[in-house]
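Chemist: Here you go, one structure.
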Amino acid sequence: MTIAKSATLLLVALAIGGASTSSVAGRKGTWLSQELAGRIPGTPTDCIDLSRVDGPMIVDMHTILYRQSGKRIWRMDVGNTCPALREDMVLVIRPSDSRLCRNDTFQALDRDSRVPSISCRIGQFVPYDRP
């Protein structure tokens with residue numbers, strides 16, 4: 001089942017191991033740099049087609065990545081940040097159609113307790129392409 005086929009509720013499970021806060025922050029910065037290394041940022045857009053991407057991959061409370069083929073990664077910076085967002089959470093996204101667009105909302109659920117966070121807003125999507 002693809003993400004675009006979900007009617008109103010989409011659960012995407014994410015699992016990345018944890019460590020101390022300072023070492024996690026350092027690894028995340030390095031990991032994000034490695035993911036985007038050699039890629040050229042393009043013009044930001046407001047929507048992406050969910051049937052064409054894999055993800056999300058939560059980097060931190062500000063950044064989520066979506067992978068589209070081997071050539072493109074979409075970087076989405078969360079509007080107004082989402083202070084409860086962590087890389088080991090489950091996202092509940094309610095897209096209005098088969099696209100994920102700026103100002104759509106999502107909630108992050110704690111993987112163990114399933115307690116939802118506040119609603120967070122999707123920001124713009126920046127494509128990073130290989131030359």
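The values are calculated or read from the model by the stated rules, or taken from the named source; none is laboratory data. All values derive from a computational prediction rather than experimental measurement. Cβ atoms come from the backbone with ideal geometry, glycine included; neighbour counts cover every protein chain shown.
Chemist: Can you find, within segment 69-83, the residue that is nearest to A108 (Cα to Cα) among those that are among the polar types (S, T, N, Q) and without any contact (Cβ under 8 Å) to a residue 40 or more places away in the chain?
Modeler: Going through the qualifying residues, I end up with T81.
Chemist: Hey, can you tell me all the residues within segment 85-113 that are without any contact (Cβ under 8 Å) to a residue 24 or more places away in the chain and assigned to a loop (DSSP other than H, G, I, E, B)?
Modeler: Scanning segment 85-113 gives S96, D97, D104, D110, D112, S113.
Chemist: Looking at segment 45-59, is at least one residue in a strand (DSSP E or B), surrounded by fewer than 16 Cβ atoms within 10 Å (Cβ to Cβ), touching a residue at least 24 places away in the same chain (Cβ under 8 Å) and in contact with a Phe, Trp or Tyr (Cβ under 7 Å, 6 or more places away or on another chain)?
Modeler: yes
Chemist: Can you name the residue in segment 60-77 that is of a type in the set (D, E, K, R) and assigned to a loop (DSSP other than H, G, I, E, B) and, of all such residues, is surrounded by the most Cβ atoms within 10 Å (Cβ to Cβ)?
Modeler: D60
Chemist: For segment 14-28, check the following and say yes or no: at least one residue is crowded, with 16+ Cβ neighbours inside 10 Å, modelled with pLDDT of 90 or more and part of a helix (DSSP H, G or I).
Modeler: no
Chemist: Please enumerate the residues belonging to segment 114-130 that are part of a loop (DSSP other than H, G, I, E, B) and over 12 Å from the mean Cα position of the chain (by Cα). First the steps, then the outcome.
Modeler: Let us first name the residues in segment 114-130 that are part of a loop (DSSP other than H, G, I, E, B), namely 114-115, 117-119, 122-124, 130.
Hits for segment 114-130 are R114, V115, S117, I118, S119, R130.
Chemist: Anything in segment 32-44 that is assigned to a helix (DSSP H, G or I) and without any contact (Cβ under 8 Å) to a residue 24 or more places away in the chain? List them, or say none.
Modeler: S33, Q34
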